[in-house]
Each structure stands twice: as C-alpha cells, then as structure tokens.
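Heads up, the thing below is written out as structure tokens.
The values are calculated or read from the model by the stated rules, or taken from the named source; none is laboratory data. Small disclaimer: the values here were computed from a predicted structure and weren't measured. Cβ coordinates were reconstructed from backbone atoms using ideal geometry, including for glycine residues, and neighbour counts include every protein chain displayed.
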Amino acid sequence: MYKDGPDSCMQGENCVEVYAHEKSVLRLAYLTQGNEIHARCIVRDDEMEWIRCYPNTNSTETQRWHTAMEAAVEGAGYTHGNFDGVHLDKVRHPDAGRHDNKWMMPYLDNGSGRRCDTYVQESSDWNTLIVGSDGLEAQQQDGYVDFDNQATCDECGDRMDEDNSCYVDGGEMSVCEHCYQNVFVTAIGRRGHETTVRNSDAVEVGDQWYHTEYLSDNDIYACEDDGEYYHVDDLCSTSRGYVHTDRVTALDEEDSDGNTYAHDNDIATTHDGRTIHESAAVTETINGVDVVFHKDDDIAAYKAEHNEEKEEA
Ligand SMILES: [Zn+2]
C-alpha cells in the first residue's frame, strides 16, 4: 500500500513496517479501483480512531479520493484521533551496530491531536517504541530515531535527535526543528549580516526580517502614522517624523524644520495655490473673505493692493 499507493513523504519507505507487528492495534484502511490503490489511512482499533487520510488534497482528483477515504473510515465507525499510546515495532536500523540505539521510524502524522503525540520512547514491557509526549520527536523524514544521539532543545526543553538540532543566536543555543521554525527567524542585523534571532526581536518589512537592535543601521524606521516599519526609501521626513510616502504631500514651501513633505492631514493651501504646512498658514479676513497666506508672505502688501483695488472699483 505504501509502495504503490498515493503520494506521501513515506511512500516506498521501509520504515513504515514498524506499524505492523503481532500486538499492534493499527490497521491500514485503503481504497482501490481496478488494480489502482487510490487512498489509504491508518486506523487504530483500540480507540476506533483514524489518523490521517492520503492522498493529500492538492488536486480535484486527490481531493475526491481523500474525501472518499475519510467518509469510508467515518462510515466504519472511526473518529479522528492520533497515535498517542500506540506501540510501534522496534526494528534496528540497517546502519546501526548491535549496541547502537538507532531504530526505524516513519514520520508520524499528528492526526487530530496535539503536537506532543508524535514523540517516541522505548517501552519497558514490550520490545516496542511507544508513542506519546515523551522521548524523541518522530517527525523527521529520514526514517529513523537515534536514542544515542539525544540532545535537549534549549528553547522548549524537549529531547531531540542531535542531527536535527538547529543553532541559533550565533551558536549560543541549540533548538529543535519545531522551535526553529516557530520561534526563530533569519534577520538582517549588525552591519547588514544575517543572524538567527527570536521572532519577537525582529520586525518584518516586506519579505525580509530585521533585528530590532540594528534597525537604523539597515535604514529601517517606524512610520509615525501607522507604527509599522518600512525601509527609508518608502518614508518621507515630516514634522511628525518619518511617515510612509502614501500618506504625505509635497510642500511648495519648506516647513519650519526644513521638511519638504508633510502628513496629508497637516497641509493647507494658500490663496495663490501653494501647498504649505498648516502650522505656517495665516488666515486674514480681507473685504469679508478669508484669505490664507504663508506666515512669511508680505501680507501687508497684499492687503494694500487689494484695498486699493476695492477703492478703484
Ligand atoms: Zn524546542
């Protein structure tokens, strides 16, 4: 079924043999049409649960078989469950010597459960490996677990296969794959060098992460309007500080700090059509009409001219 059946990371892998042994509660449900094997699903008879249906749902055709498989196991009285507590056969890995502790192990699917249901440890009663929340994480696709090669994740404290550990924080910490993917990111830090840091110590700009301690070194600043981080090329200097280019207007007269842009909400238009910072705007009532000037304009001259015009009129 694994060799000729639907696509998965364990297709054709010998390690799946550990599911089958004399005392196993696991059974393999499958659907065929003609000579073709179209779907499969491991079920456990002790809890009447199914774990995960294959094929994956990546096309209309596979979706159809996936749905049919799920309907079949549900129809047979199984509910969605997981491997917790299941005994797997203890089969020595072909590369392992007699005293090595390296055993065949497929990638264990999560099923309906929690992440903690995919760890294995040696059981004391049978010659088996038991699935649960303790031991080595059995979610690698290399087909084995090695109890001689254990390390502890510096982040979550779980035991892990040393070969699958990842170094972070400049090699200071060694963490499991789960933590590496969920807690850490590769970010641009000091002098533009990439480093792996906790995601809480980094900000995402576009599709790139930046270490929060070195933001200005890498031309990353917060927009004072929305609080998000942007590259300086996408920001304009305004009286409020940096604001994203989408929310600024070019000024025809520099503001008092020499900025040539202002936030869209901070602008005023003068009587002769210039865009200026509102803090520089002066409104005078001339001949009963409000007229907006820049504070440095020669307002007296304007008034004199327009009063004269009125007198002439
Ligand atoms: Zn971890």
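Name every residue in region 133-166 that is of a type in the set (Phe, Trp, Tyr) and closer than 16 Å to PRO106 by Cβ, in order of residue number.
TYR144 - this is the single residue of region 133-166 that is of a type in the set (Phe, Trp, Tyr) and closer than 16 Å to PRO106 by Cβ.
Can you tell me which residue is nearest to TRP103 (Cα to Cα) among those in region 153-162 that are surrounded by fewer than 17 Cβ atoms within 10 Å (Cβ to Cβ) and either under 24 Å from the mean Cα position of the chain (by Cα) or near the ligand (Cβ under 8 Å from one of its atoms) (or both)?
Among residues in region 153-162 that are surrounded by fewer than 17 Cβ atoms within 10 Å (Cβ to Cβ) and either under 24 Å from the mean Cα position of the chain (by Cα) or near the ligand (Cβ under 8 Å from one of its atoms) (or both), the one nearest to TRP103 (Cα to Cα) is GLY157.
Looking at this structure, is TYR221 hydroxyl-bearing (Ser, Thr, Tyr), modelled with pLDDT of 90 or more, away from the ligand (no atom under 16 Å from the Cβ) and on the phi < 0 side of the Ramachandran plot?
yes
Considering only residues that are within 16 Å of the ligand (Cβ to nearest atom), farther than 14 Å from CYS179 by Cα and surrounded by fewer than 16 Cβ atoms within 10 Å (Cβ to Cβ), look in region 112-150 and name the one that is nearest to the chain's Cα centre (by Cα).
Residue satisfying both the conditions and the ranking: ARG114.
When the residues of region 175-195 are narrowed to those that are within 16 Å of the ligand (Cβ to nearest atom) and in a strand (DSSP E or B), which ends up surrounded by the most Cβ atoms within 10 Å (Cβ to Cβ)?
Restricting to residues being within 16 Å of the ligand (Cβ to nearest atom) and in a strand (DSSP E or B), the top hit is VAL175.
Taking the condition of a type in the set (Ser, Thr, Tyr), closer than 30 Å to GLN140 by Cα and either touching a residue at least 24 places away in the same chain (Cβ under 8 Å) or not assigned by TED's automatic domain parsing to the domain that holds THR118 (or both), does THR212 pass?
Here the answer is no, as THR212 does not meet what is asked.
Anything in region 24-46 that is farther than 19 Å from ASN82 by Cβ and assigned to a loop (DSSP other than H, G, I, E, B)? List them, or say none.
GLY34, ASN35 - these are the residues of region 24-46 that are farther than 19 Å from ASN82 by Cβ and assigned to a loop (DSSP other than H, G, I, E, B).
List the residue pairs whose Cβ atoms are under 9 Å apart, where the first residue sits in region 178-202 and is in contact (Cβ under 8 Å) with a residue 12 or more places away in the chain, the second is among the basic types (Lys, Arg) and within 14 Å of the ligand (Cβ to nearest atom), and the two are 6 or more positions apart or on different chains.
From region 178-202, the pairs are HIS178/ARG115; VAL183/ARG198; PHE184/ARG198; VAL185/ARG198.
Does region 53-86 hold any residues that are under 20 Å from ASP142 (Cα atoms) and outside any loop (DSSP other than H, G, I, E, B), and which are they?
TYR54
Would you call ILE286 surrounded by 14 or more Cβ atoms within 10 Å (Cβ to Cβ), at pLDDT below 95 and over 28 Å from TRP209 (Cα atoms)?
yes
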